[in-house]
Amino acid sequence: MVMPFGTKAVEPAVQGAPAKIDFDALWSKALAPALTELGYEPVRADQYKKLSNAAKEKADQARHRDYLDRAIEHYESGMRLDLNDFYPSSNLPRLYKERAEEGDDESAALAARIAMLACDRDTTSPWRNPTRLALAFDAADVETAKRYAKQVRRDGPAAWQLETTVKDLERSVGQVQDEAKRKSLEAMLADLKTLL
């Protein structure tokens, strides 16, 4: 199913309607059970990403590849449906780089650009800055990552969702080809982990 993640403000505001919708709760408490009852297998793109990671850890390459392809397919659908939502597009650079098929580097760069533009438009999401930090790591942009890391130290790890973001940063660092940039990002990541 393609739908938003997290909590989103209802815009424009509707009198008598809630100001925000928790789409994760809507999924787990209403949509997924209803789909199951109708005989469907309810799955969201983020679940395929988690399944792909678990299969990779177990060295189950066939399942890992299947889940990776499915995660990419679902995140691409989400990105096409709402270019203003940075969540789907922000996950794609790491997934494309991991898959490493012909054209995936270009697709990763495009998805990262779309995610950054969406971050620029969404000034209220608590995930805006963590996403920017992850995109800097994805791009191996050491200077931008340093600037964000300095802000993480200033604002504190909770404001940057650091406990959750660290896994994506680790994945990004592992994909950096340039040794000097990788070592710089590894050191920065190690420093950020001391805040947890």
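Of all residues in segment 28-50, those being in a helix (DSSP H, G or I) and modelled with pLDDT of 85 or more number 10. Taking (1) more than 16 Å from R94 (Cα to Cα); (2) at pLDDT below 95 in turn, D168 satisfies each apart from (1). Residue pairs whose Cβ atoms lie under 8 Å apart, sitting 6 or more positions apart in sequence or on different chains, and linking a residue in segment 98-118 that is in contact (Cβ under 8 Å) with a residue 60 or more places away in the chain to a partner that is of a type in the set (K, R) and surrounded by 14 or more Cβ atoms within 10 Å (Cβ to Cβ), are E98/R171. Residues in segment 4-21 that are surrounded by fewer than 14 Cβ atoms within 10 Å (Cβ to Cβ) and either aliphatic (A, V, I, L, M) or at pLDDT 85 or above (or both): A9, V10, A13, V14, Q15, G16, A17, P18, A19, K20.
Considering the conditions (1) surrounded by 13 or more Cβ atoms within 10 Å (Cβ to Cβ); (2) farther than 25 Å from P126 by Cα; (3) polar (S, T, N, Q), T36 is excluded by exactly one of them, (1).
Under the condition of being small (G, A, S) and surrounded by fewer than 18 Cβ atoms within 10 Å (Cβ to Cβ), which residue from segment 51-73 is modelled with the lowest pLDDT? The residue in question is A54. You will find that of E101, E76, the residue that is farther than 15 Å from T165 by Cα, modelled with pLDDT of 95 or more, among the charged types (D, E, K, R) and surrounded by fewer than 21 Cβ atoms within 10 Å (Cβ to Cβ) is E101 and no other.
Within segment 170-180, the residues that satisfy the criterion of being surrounded by 17 or more Cβ atoms within 10 Å (Cβ to Cβ) and either in a helix (DSSP H, G or I) or of a type in the set (K, R) (or both) are R171, S172, V173, Q175. Scanning segment 155-169 for residues that are part of a helix (DSSP H, G or I) and not hydroxyl-bearing (S, T, Y) yields D155, A158, A159, W160, L162, E163, V166, K167, D168, L169.
The values are calculated or read from the model by the stated rules, or taken from the named source; none is laboratory data. Note that this is a predicted model, so its numbers are computed, not measured. Neighbour counts run over all protein chains shown; Cβ positions are idealised from the backbone, glycine included.
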